[in-house]
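The values are calculated or read from the model by the stated rules, or taken from the named source; none is laboratory data. Values in this document were obtained by computation on a predicted structure and should not be read as measured data. Note that we place each Cβ from the backbone using ideal geometry, even for glycine, and neighbour counts take in every protein chain shown.
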Amino acid sequence: MPKLKIKKSVADRFKVSKNGIVMRRKMGARHLRSNKSSSNKRRDKIPVEVKGQWAKKIKKLLGV
């Protein structure tokens with residue numbers, strides 16, 4: 001059976017930790033940040049866990 005190709009767009013957006021947890025970045029952290037508070041901007045840097053069925057789908061697309 002041939003090796004599965006991973007979906008590059010998914011690989012750029014999501015990371016899988018060594019424990020198998022799928023992580024993503026929060027949206028809205030690229031531009032138009034001048035009207036956001038410092039605490040909100042800080043919070044946007046922290047990766048968030050993807051849960052449930054989405055995590056399964058992403059792992060499948062990443063070949064994990």
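May I ask you to list the residues in the range 18-33 that are out of contact with any Ser or Thr (no Cβ under 7 Å at 6 or more places or on another chain) and either surrounded by 10 or more Cβ atoms within 10 Å (Cβ to Cβ) or polar (S, T, N, Q) (or both)?
Answer for the range 18-33, where residues must be out of contact with any Ser or Thr (no Cβ under 7 Å at 6 or more places or on another chain) and either surrounded by 10 or more Cβ atoms within 10 Å (Cβ to Cβ) or polar (S, T, N, Q) (or both): Asn19, Ile21, Val22, Arg24, Arg25, Lys26, Gly28, Ala29, Arg33.
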Quick one: which of Lys57, Lys36, Lys8 is without any contact (Cβ under 8 Å) to a residue 24 or more places away in the chain and surrounded by fewer than 10 Cβ atoms within 10 Å (Cβ to Cβ)?
Lys8
Identify, from the list Lys45, Lys41, the residue that is touching a residue at least 12 places away in the same chain (Cβ under 8 Å) and surrounded by fewer than 10 Cβ atoms within 10 Å (Cβ to Cβ).
Lys45
Restricting the search to the range 24-64, which residues are on the phi > 0 side of the Ramachandran plot and modelled with pLDDT of 95 or more?
Gly52
